[in-house]
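Here is the structure we will look at.
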Amino acid sequence: MSAQTAEQLATKKCLPCEGGVEACSLDQAKSQLANLPGWRLTHDGKRIRKDWTVKHFKAGIEFFNAVRDVAEEEQHHPDLHLEGYRNVWIELWTHAIGGLSENDFILAAKIDRLPVKLKEAK
């Protein structure tokens, strides 16, 4: 997989993955993340994660509802986390291969296009 811009990724559709394909290499993942600001590698390069501090609890739930809609449309489902009522984070990985696939980067690019009410900096 060669690195693509966020715009290129966001126009693509996730493909079903039932295993049997190679996960992205660490170098491929790092190269792709250079085009997805805020996303970072976790779990020894097998997952990507992004964190947000939202304005309030309701903003977090609204954001997750929007993510749910995109995830259902793409049939690729992230792990969603809400801590301390306004700290949200999303982790993506392709469960069937135990690592990262192009689908994870496609979904990350689409998530980045969603509206989110962030906590204002002081």
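Values computed for the structure shown
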| quantity | calculated |
| --- | --- |
| Stokes-Einstein translational diffusion, segment 46-122 - Kirkwood Rh over all Cα pairs, 0.890 mPa s, 25 °C, in µm²/s | 193 |
| Relative contact order [Cα under 8 Å, 6+ residues apart], segment 46-122, whole percent | 44 |
| Simple label model, 7 Å out from Cα along Cβ direction - ALA66 to ASN87, nm | 2.2 |
| Extreme residue, positive dipole direction of the chain, given options VAL21, THR53, SER31 (C-beta unit charges) | THR53 |
| Modelled label reach - LYS30, point 7 Å along Cα→Cβ, segment 89-114 residues with backbone N closer than 15 Å | none |
| Kirkwood-based shape ratio for segment 1-92, expressed as Rg/Rh from alpha carbons | 0.98 |
| Lysine pairs meeting the criterion (Cα under 22 Å, 8 or more apart or interchain), as found in the chain | 26 |
| Given charges at Cβ of Lys, Arg, Asp, Glu: segment 46-122 dipole, positive-most of SER101, PRO78, TRP89 | TRP89 |
| Extended-chain gain in nm, criterion 0.36 nm per residue less alpha-carbon gap, HIS56 and ASP112 | 18.3 nm |
| Top positive-direction residue, dipole computed over segment 5-71 with Cβ charges, set ALA66, LEU41, THR5 | ALA66 |
| Rounded to the nearest 20 debye, dipole of segment 46-122 from Cβ charges on Lys, Arg, Asp, Glu | 460 |
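Values quoted throughout were computed directly from the atomic coordinates according to the rules given, and no laboratory measurement underlies them. Given the structure is predicted, the values throughout are model-derived calculations rather than measurements. All Cβ positions, glycine included, derive from the backbone under ideal geometry; neighbour counts span all protein chains shown.
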